[in-house]
Amino acid sequence: MQLTGNQFTAVSALAGNDLATLPDFPAEIRAPAGTLPGVSAFQVRISSEDISTPGDEADVLVAMNPAALRSEISKLRSDGMVIVNADGFGERDLEKAGYEVSPLDDDSLDGFNVVEVPMTSLTVTKVKELGVKGRDAERSKNFFALGLLCWMYSRNPDDLRTWIEERFSSDELVKAANTTAFEVGYAFGETTELIPVTRAVAPVDRPAGTYRNVNGNTGLAWGIIASAQLSQLPTYLGSYPITPASDILHELAKYPEASIRTFQAEDEIAAVASSVGAAFAGNLAWTTTSGPGMALKAEAIGLAISLELPLVIVDIQRGGPSTGLPTKTEQSDLLQALYGRHGESPLPVIAASRPADCFECAIQAADIAIRYRTPVILLSDGYIANSSEPWCMPDSASLPDLSTEFATEPNHKAPDGTDEYWPYLRDPETLARPWATPGTPGLEHRIGGIEKADGSGDISYDPDNHQRMTNLRAEKVAGVADYYAPLEVTGDPDADLLMVGWGSTWGAIASAVETIRGEGAKVAQVHLRHLNPLPRELGDVIKGFRKVLVPEMNLGQLSRVLRAEYLVDAQSVNKVAGLPFTGGEIEAEIRKALGDISNGGA
């Protein structure tokens, strides 16, 4: 279902529609088929206008079995269309989904337009003619559904035919079976009267450019490749596979010609430690992981902070703690990213807000890491990683120059007048230390986790030096805020209510704010990319509003930070269900808050 959902999305992108997706699938590789925990769902919204979410209610639900129907029917609007694979509603299928009576035989679906289609039998009957039998024949039924949907939504069937041809070119029989099932599904819609109308969705009016349909992990991987080109640095990714971050490693491994070295380590500690070593050797170093992996990487990140080397740690957040919900989304690693290390060890933290934002965030994280010689944490989450949207490829001339200079000569005079190299002699503007690659003659220097003397980098246990170095490292990170563009407040700056968000809540908040403003009420929105250090003007902005709401997919981590930093009553709106907020959920909270303000509350 994920494959066919992704391909319907791809042909919709080729048709010029705006789109947003929400893949929702189980964590187990072989989840129990036909049961509620085993349901693999794919939600896609296509539009002729700009959209920011996959939508709150679906117009059409395709249910291949009773479990899918039971799991997803709540997402279908009243009077929506349910297309069911009638062959999938046998006695055993109903039992696995917990139905005592078939929902096709009672009145539970009376509020919907139900279309029963024998997808399995129609598919099997046709592909058997090709010599495909048994379960292999049944597997093609999803392509029947794909063909039917392509007819319903006037998608170009030639785009799908070409994709099937290329995707299954290594197996002629599978290619023929899937092509046949697609054609049967398309013809079924065209020749029967069960579905009376087709829908045409016009292309969205966009600026001219080259658009790609990207998910968050792909956009992030391409941002890493672009950073390598912009910095002209050898680039290294040390990673241990973990859902939902693994696809970044997979994507980068496809492009050895881009001079990206990828290393699949034996564990998270080896992955990050190898990246620290690569950074010392003069590489732009990256490591990718998710929540449990972040915990394991903490000690090595502390080493990178002490060494003051550029390193980007990418955390694709998922439901936790522990193994938690590997394929479900959450924003519960924020406090871990801000504080989850030993000692006083601040580092910059930035967060992507949508799939198309991942490319730019990757470049910005690399820029900060190189410019300030510091590890940077880049936060994404499972929703951003797996969902997709159209992305306009930027003009390469518009991208920033990330080039840097390595130290090549001594930078200090010893008391006896001889030249020497001080690895911690800082840039007066950024407080970054020089970066000398190993083997540079005359620039040999000591590294390690023990505290260094300010300037010389010698081992130092001096109390005053430790205070000074701790302050310098914190001051350097705080200075990263000088690099930010001005904070943008969207909506109504004179409103009483401000919505503050970060990460993947952007779409739901933006959609809700737009809806409420369309009804005549005033609401403002700030969406934070930079979570440490926070933008310098944020405190004044927040204090300019009577009420502040902070929707987060955690139990209030950013709101806790805002309350502590600015002594404001930032009120948290929480969701930790493994699914993103819907626009409707945020709208309800905004209406409640506006009602409180009208009644004299704050």
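The values are calculated or read from the model by the stated rules, or taken from the named source; none is laboratory data. Source: prediction; values computed, not measured. Glycine gets a Cβ as well: all are built from the backbone with ideal geometry, and neighbour counts include every protein chain shown. Ligands, DNA and RNA are excluded from the accessible area calculation, which covers all protein heavy atoms including side chains. Shrake-Rupley method; radii C 1.70, N 1.55, O 1.52, S 1.80 Å.
Overall, the ratio between the Cα radius of gyration of the chain and 2.2 N^0.38 Å, rounded to two decimals, is 1.08. DSSP beta bridges confined to the chain are antiparallel in about 30 percent of cases. The listed peptides 489-495, 102-108, 568-574, 579-585, ordered by packing as a protection proxy, come out as 579-585, 568-574, 489-495, 102-108 (highest mean of other Cβ atoms within 10 Å first).
Take residue 210: with every protein chain present and a 1.4 Å probe, its accessible area is about 90 Å². Using only alpha carbons, region 60-199 has a radius of gyration to Kirkwood radius ratio (Rg to Rh) of 0.99. Projected over every direction and averaged, the convex hull enclosing the alpha-carbon atoms of region 258-334 yields 5.6 nm². Hey, what's the Kirkwood Rh for region 75-157 if you take every pair of different alpha carbons, in angstrom? About 14.4 Å, per the Kirkwood formula over Cα pairs. Phi angles across region 524-540 convert, under the Karplus curve 6.51 cos²θ - 1.76 cosθ + 1.60 with θ = phi - 60°, into 3J(HN,Hα) values of 10, 9, 10, 10, 8, 8, 9, 9, 7, x, 6, x, 4, 8, 4, x, 5 Hz, Gly and Pro given as x.
How much net charge surrounds residue 373 when only other residues with a Cβ under 11 Å from its Cβ are counted (Lys, Arg +1; Asp, Glu -1)?
Every neighbour counted, the sum reads +3.
Less than 5 angstrom separates the built amide H of residue 317 from those of 380, 381, 382, all sequence-distant by 5 or more or on a different chain.
Of the peptides 250-259, 343-352, 49-58, the ranking by mean beta-carbon count within 10 Å, highest at the top, reads 343-352, 49-58, 250-259. Going by accessible surface with a 1.4 Å probe and the largest first, 99, 461, 421 read 461, 99, 421. Seen through its C-alpha gyration tensor, with square-root eigenvalues sorted a ≥ b ≥ c, region 132-227 comes out oblate because a/c lies at 1.5 or above while a/b is not bigger than b/c. Computed FRET efficiency, Cβ-Cβ of residue 446 and residue 540, R0 45 Å: what is it to the nearest 0.05? My answer for the efficiency is 0.55. Straight-line reach from residue 592: taking Cα to Cα under 15 Å and skipping same-chain neighbours fewer than 8 places apart, the aspartates and glutamates in range are 496, 519. If a/c stays under 1.5 just call it rounded; otherwise compare a/b with b/c (prolate if a/b is bigger, oblate if not). Do that for region 298-437, with a ≥ b ≥ c from the square roots of the Cα gyration tensor eigenvalues. Oblate. Considering helices alone, the calculated mean residue ellipticity of the chain at 222 nm is -11500 deg cm²/dmol, with DSSP H runs of length four and up weighted by -39500 (n - 2.57) and normalised per residue.
Which three numbers, in whole Å and largest first, are the semi-axes of the equivalent ellipsoid of region 295-352 derived from its Cα gyration tensor as √(5λ)?
The three semi-axes for region 295-352 are 23, 12, 10 Å.
Computed over all pairs of different Cα atoms, the Kirkwood value for the hydrodynamic radius of region 3-129 is 15.8 Å.
Seen through its C-alpha gyration tensor, with square-root eigenvalues sorted a ≥ b ≥ c, region 355-438 comes out prolate because a/c lies at 1.5 or above while a/b is bigger than b/c. Within the straight-line cut-off of under 18 Å between alpha carbons, the lysines reachable from residue 543 are 522, sequence neighbours fewer than 8 places apart in one chain being disregarded. Here the contact order of region 364-507, divided by its residue count and restricted to Cα pairs under 8 Å and six or more residues apart, works out to 21 percent. Within the straight-line cut-off of under 20 Å between alpha carbons, the lysines reachable from residue 75 are 328, 575, sequence neighbours fewer than 8 places apart in one chain being disregarded. Take every Cα pair under 8 Å whose residues are at least 6 apart in sequence, average their separation, divide by the length of the chain, and the relative contact order is 12 percent.
P(r) for region 193-297, from all Cα pairs and a bin width of 10 Å, is 14, 37, 23, 11, 9, 5, 1 %, short bins first. At q = 0.12, 0.14, 0.24 Å⁻¹ the log10 of I(q)/I(0) for region 492-602 amounts to -0.36, -0.50, -1.55, computed by Debye summation with a single uniform scatterer per C-alpha, solvent ignored. How many angstrom separate the Cα center of region 89-145 from the Cα center of region 1-24? One Cα centre to the other: 23 Å. Measure nothing but the geometry: give the 0 to 90° angle between the long axis through the Cα atoms of 268-280 and the longest principal axis through the Cα atoms of the chain, rounded to 10°. It works out to around 50 degrees. Look at where the Cα atoms of region 146-209 and of region 405-461 average out, and the two centres are 62 Å apart. Computed over protein heavy atoms with a 1.4 Å probe, the carbon and sulfur contribution to the accessible area of the chain reaches 50%.
Between region 271-307 and region 513-538, the alpha-carbon centres lie 33 Å apart. Relative to the longest principal axis of the Cα atoms of the chain, the long axis of helix 355-372 makes an angle of roughly 10 degrees.
Taking only the C-alpha atoms of region 383-482, Rg followed by Dmax gives 19.1, 63 Å. Rounded to the nearest 10 degrees, the angle from helix 216-231 to the longest Cα principal axis of the chain is 40 degrees. Ranked by the mean number of other Cβ atoms within 10 Å of their residues, highest first, the peptides 507-518, 277-288 come out as 277-288, 507-518.
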